[in-house]
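Enquirer: Pasting a structure below so you can have a look.
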Amino acid sequence: MSGAVREVRVGLATCGIAAGAQRVARQLQESFDANRIELPIKRVGCVGMCYNEPLVDVVDASGEITTYGHVAEADVDRIVERHLVAGEIVEDLRVTPEAFFRDQVRIVLENCGVIDPESLEEYRARAGYTALENALNGMTPEDVIEVVKESGLRGRGGAGFPTGLKWSFAARATGSEKYVICNADEGDPGAFMDRSVLEGDPHRVLEGMALAAYAIGATHGYVYIRAEYPLAIRRLEMALSDAREANLLGDRIFGTDFSFDVRIKAGAGAFVCGEETALIASIEGRRGMPRKRPPYPANSGLWGHPTNINNVETLANIPWIVRNGAEAFAAHGTETSKGTKVFALAGRVRNSGLIEIPMGMSIRQIVYDIAGGIQNDRPLKAVQMGGPSGGCIPASLVDTPVDYEALKATGAIVGSGGMIVLDDSTCMVDVARFFLDFTQKESCGKCTFCRVGTKRMLEMLERICAGEGEPEDLDKLVALGNKVKANSLCGLGQTAPNPILTTTEYFRDEYLAHIEDRACPARVCKPLLRFHIEPDACKNCGLCARGCPVEAIAADEGGYHVIDDAVCVKCGRCEQVCPFDAVEIQTGKVAA
Amino acid sequence: MSILSQSKEGVHAERERVSLPHTSDSIIPLLQQIQEKEGFVSEEAVDRVARYTRAPASAVYGVATFYSQFRLKRPGKHMIRVCEGTACHVLGSDAVLDRLTEELGVDVGGTTADGLFTLESVRCLGCCSLAPAVMIDDETYGQVTGDSIAKILEPYRKDAS
């Protein structure tokens, strides 16, 4: 048995488990038992390399980490016998993620993938709860607010409001009871930053909440979390009970006069509940509909009491800032956007996953250096940021830095951190339709422009995607989009038109192709496509005909197969199964 | 071996232990508990929650219909959730959904005649790097295609026969 290995880590966040990490961990334990190895198998959160899941880290005595990626159950014995027993690295399973991590700066994610999220000891061994202890023993609430103000931290949920300023409003508000709410209702499709933080380092968020509570004078806190995140809820619940037991939450924390406790509220699936006043309505047990502001939650929030709401990532920054000082945090980033931002990278990139970058890094650097570029070396078309509230940044603006103001100037937003990379196989009209379909269904219905306006815009987009668009639709879309923005009460309606407004600006040609030429250049919008078998390439093998679900394909007398357009449902299966690439997808007027 | 037991019992046990107050903020947690146990929220359950929280049944019904988590019809034995998040959408979740509606003969939201499957689409399962993703009960499947989904369903069907 090798004495040189200190521990073995398995990434057991939702993404890892979905990729089969649970089975790998079980197999590891069996293999350890069979080889009489008594090393701990440590459960860790997401280290960010989702593209290599399941991941197994072997940490040697000096702290050197060897990472194995795409580990299958069948690979486990080999890793154990060769690396742990014989002390050799299994080169063919090893992944070397240097380029992925080189340019990242880890503040929020400093513990993710490193510590066991279910162990309070491990969090404390990495200076966990020292920020809270030092603040309670040596800082006034005003000092804490001042540090956060000086750090330049802005809300990471998407809007980018200065956090310290927000705290000062709630601190100034008068009331016998005050609340701190952690917004973990991560609703943007394509975003999983908050889930990863809660699954990988839950105590950090609780410590951040306790610091916020101390700063504003709150005694009660809520974590409002999506019910779709069962593992994050479970780990938070464990963290809560461990923290209470260690008197890090509860009465007279660290022997001071400060008392604070937290409850978990599981959301029930409503995107609009990410909005502060809707979230409060939901905690109170009502339909999650926003209300007019002012009064702002800082003065009249949960049950009418002063309430401060911050996003998970915002709160996860706080312990680090209090521990290392405002200057250390502000050393990263740009003039107006300090610190780091966590992004969930997905779409057509080679390395999808969770990253944390210093503000100011260009989108180009993220896509090409960290994410390894586009799959199959296809051309980059656009980067979608900020989910349904955000916009599409075209490839021509790929040098835009990640900075609240610079991104806003493009029409997109930093957003909560979803970053979907799109290549030339993506239809931008379809992307706009997709997001509008989302916001239209998630609109709570309170404001007319949001309820009806999004519906009318969606209908226009659906017509365009179906090849029935009219030339004036484009102007109508923009005009109505601006009205929806101006006449909606909350962020949902105010930002819902953004995906349309950015795509009509940057990809106008693509809209025009759909409307004037009845063509979908990316070959996505089915009504605009025609499947055709090229007689010269067809070898008459019949695979397409057998694969066709609607029997639209038959052998022609000429020794090749033909597709009956009237029957074809454009599912694309013939194109997938054809071994000779004889199936062509045509679009444009010829198809009409 | 504690690391390997990812059971959700812990969550539920923790929640059940806390007895919920008879106030309106208990409406959502109660509906969640009921759906967890009974699979859906029946008309009778709405009345039960209304009595417990001393809220009008119309308010409870309003909450149950507002939030997408709550089902008002009895679901099938296995719940298939097709992720319709952005990453899944651009990587072809539509084809997966089309294939499923074809295979199962039901539309989104429907339950197969034999009561074996309910087909749902969800906003985002949060495992975008595995897109397109499908969740069946508590198991997540990544990089699903129209063809692979049929194979994924097989064991669930065998299990039933």
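Enquirer: Working only within the range A:263-288, note down all residues that are closer than 28 Å to A:L132 by Cα, without any contact (Cβ under 8 Å) to a residue 60 or more places away in the chain and touching a Phe, Trp or Tyr at 6+ places or on another chain (Cβ under 7 Å).
Expert: Within the range A:263-288, A:R263, A:K265 meet the criteria.
Enquirer: If you go through the range A:411-424 one residue at a time, do you hit one that is free of Cβ contacts under 8 Å to residues at least 12 places away in the same chain and either surrounded by fewer than 19 Cβ atoms within 10 Å (Cβ to Cβ) or within 14 Å of chain B (Cβ to nearest Cβ) (or both)?
Expert: We begin by selecting, within the range A:411-424, every residue free of Cβ contacts under 8 Å to residues at least 12 places away in the same chain; these are none.
Checked against the condition, which is being free of Cβ contacts under 8 Å to residues at least 12 places away in the same chain and either surrounded by fewer than 19 Cβ atoms within 10 Å (Cβ to Cβ) or within 14 Å of chain B (Cβ to nearest Cβ) (or both), the range A:411-424 yields no hits at all.
Enquirer: Can you name every residue in the range A:373-403 that is of a type in the set (S, T, Y) and buried (at least 23 other Cβ atoms within 10 Å of the Cβ)?
Expert: Scanning the range A:373-403 gives a single hit, A:S389.
Enquirer: Take the range A:233-251 and flag every residue that is of a type in the set (G, A, S), in a helix (DSSP H, G or I) and more than 9 Å from chain B (Cβ to nearest Cβ). Spell out how you get there, then give the answer.
Expert: Going through the range A:233-251, the residues of a type in the set (G, A, S) turn out to be A:239, A:241, A:243, A:246, A:250.
Then drop every residue that is not in a helix (DSSP H, G or I), which leaves A:239, A:241, A:243.
Within the range A:233-251, A:A239, A:A243 meet the criteria.
Enquirer: Considering the range A:148-188 alone, what residues qualify as being charged (D, E, K, R) and over 20 Å from A:W303 (Cα atoms)? Outline the logic, then answer.
Expert: Looking only at the range A:148-188, we keep the residues that are charged (D, E, K, R), and these are A:149-150, A:154, A:156, A:166, A:172, A:177-178, A:185-186, A:188.
Once the filter is applied, which keeps residues that are charged (D, E, K, R) and over 20 Å from A:W303 (Cα atoms), the range A:148-188 yields A:K149, A:E150, A:R154, A:R156, A:E186, A:D188.
Enquirer: May I pose another question? When you check A:D257 against the structure, is it surrounded by fewer than 19 Cβ atoms within 10 Å (Cβ to Cβ), within 14 Å of chain B (Cβ to nearest Cβ) and over 25 Å from the mean Cα position of the chain (by Cα), yes or no? Write out each step before concluding.
Expert: Details: surrounded by fewer than 19 Cβ atoms within 10 Å (Cβ to Cβ): yes; within 14 Å of chain B (Cβ to nearest Cβ): no; over 25 Å from the mean Cα position of the chain (by Cα): yes.
The answer is no for A:D257.
Enquirer: Please return the ranges of helices (runs of 4 or more DSSP H) entirely within the range A:118-220 where 2 or more residues are among the acidic types (D, E). First the steps, then the outcome.
Expert: Numbers: elements: A:120-125, A:130-138, A:141-151, A:163-172, A:193-200, A:202-216.
The helices (runs of 4 or more DSSP H) meeting that bar are A:120-125, A:141-151, A:193-200.
Enquirer: Another question about this same structure. For the range A:1-111, list the strands (runs of 3 or more DSSP E) that sit wholly inside it and hold at least 1 residues that are touching a Ser or Thr at 6+ places or on another chain (Cβ under 8 Å) and under 30 Å from B:C128 (Cβ atoms); which are they?
Expert: Numbers: elements: A:5-11, A:41-44, A:56-60, A:65-68.
Result: A:56-60, A:65-68.
Enquirer: Still on this structure, please answer the following. If the Cβ limit is 7 Å and pairs must be 6+ apart or interchain, which residue in the range A:434-454 that is away from chain B (no Cβ under 13 Å) pairs with which residue that is of a type in the set (G, A, S) and surrounded by fewer than 20 Cβ atoms within 10 Å (Cβ to Cβ)?
Expert: Note: pairs meeting the criteria are A:R451/A:G445.
Enquirer: Related question: Return yes or no: is A:E534 among the acidic types (D, E), more than 14 Å from chain B (Cβ to nearest Cβ) and within 36 Å of the chain's Cα centre (by Cα)? If you could, list the steps in order and put the result at the bottom.
Expert: Details: among the acidic types (D, E): yes; more than 14 Å from chain B (Cβ to nearest Cβ): yes; within 36 Å of the chain's Cα centre (by Cα): no.
So A:E534 fails the test.
Enquirer: Taking the residues in the range A:60-87 that are of a type in the set (V, I, T) and surrounded by fewer than 18 Cβ atoms within 10 Å (Cβ to Cβ) as candidates, determine which candidate is farthest from the chain's Cα centre (by Cα).
Expert: Of the residues in the range A:60-87, the ones of a type in the set (V, I, T) are A:65-67, A:71, A:76, A:79-80, A:85.
With the extra rule that they be surrounded by fewer than 18 Cβ atoms within 10 Å (Cβ to Cβ), the set shrinks to A:65, A:85.
Numbers: A:I65: 27, A:V85: 39 Å.
Top of the filtered list is A:V85.
Enquirer: Can you pull out every residue in the range A:332-348 that is at pLDDT 95 or above, surrounded by 24 or more Cβ atoms within 10 Å (Cβ to Cβ) and either among the acidic types (D, E) or closer than 15 Å to B:C127 by Cα (or both)?
Expert: A:F343 - this is the single residue of the range A:332-348 that is at pLDDT 95 or above, surrounded by 24 or more Cβ atoms within 10 Å (Cβ to Cβ) and either among the acidic types (D, E) or closer than 15 Å to B:C127 by Cα (or both).
Enquirer: Pick from A:G48, A:G20: which is within 14 Å of another protein chain (Cβ to nearest Cβ) and either hydrophobic (A, V, I, L, M, F, W, C) or surrounded by 21 or more Cβ atoms within 10 Å (Cβ to Cβ) (or both)? Steps first, please.
Expert: Details: A:G20 fails: either hydrophobic (A, V, I, L, M, F, W, C) or surrounded by 21 or more Cβ atoms within 10 Å (Cβ to Cβ) (or both).
After ruling out the rest, the residue left standing is A:G48.
Enquirer: For the range A:45-96, which residues satisfy the criterion of being among the aromatic types (F, W, Y) and without any contact (Cβ under 8 Å) to a residue 60 or more places away in the chain?
Expert: Restricting attention to the range A:45-96, the residues satisfying the condition of being among the aromatic types (F, W, Y) are A:51, A:68.
Scanning the range A:45-96 gives a single hit, A:Y68.
Enquirer: Which residue, of A:A344, A:A316, is within 17 Å of the chain's Cα centre (by Cα) and assigned to a strand (DSSP E or B)?
Expert: Working: A:A316 fails: assigned to a strand (DSSP E or B).
Every option except A:A344 fails the conditions.
Enquirer: Which of (1) at pLDDT below 95; (2) over 30 Å from A:A213 (Cα atoms) does A:D75 not meet, given it meets every other one?
Expert: (1)
Enquirer: To continue, here is another question. Take A:V429 and decide whether it is part of a helix (DSSP H, G or I) and either of a type in the set (V, I, T) or farther than 24 Å from A:E186 by Cβ (or both). So that I can check it myself, show each step before the final result.
Expert: Numbers: part of a helix (DSSP H, G or I): yes; either of a type in the set (V, I, T) or farther than 24 Å from A:E186 by Cβ (or both): yes.
Answer is yes for this residue.
Enquirer: So, one more: Looking at (1) touching a residue at least 40 places away in the same chain (Cβ under 8 Å); (2) of a type in the set (K, R); (3) within 24 Å of A:P394 (Cβ to Cβ), which one does A:K526 not meet, given that it meets all the others?
Expert: Going through (1) touching a residue at least 40 places away in the same chain (Cβ under 8 Å); (2) of a type in the set (K, R); (3) within 24 Å of A:P394 (Cβ to Cβ) one by one, A:K526 breaks only (3).
The values are calculated or read from the model by the stated rules, or taken from the named source; none is laboratory data. Remember, it's a predicted structure, so these values are computed and weren't measured experimentally. With ideal geometry, Cβ positions are generated from the backbone for all residues, glycine too; neighbour counts draw on all protein chains shown.
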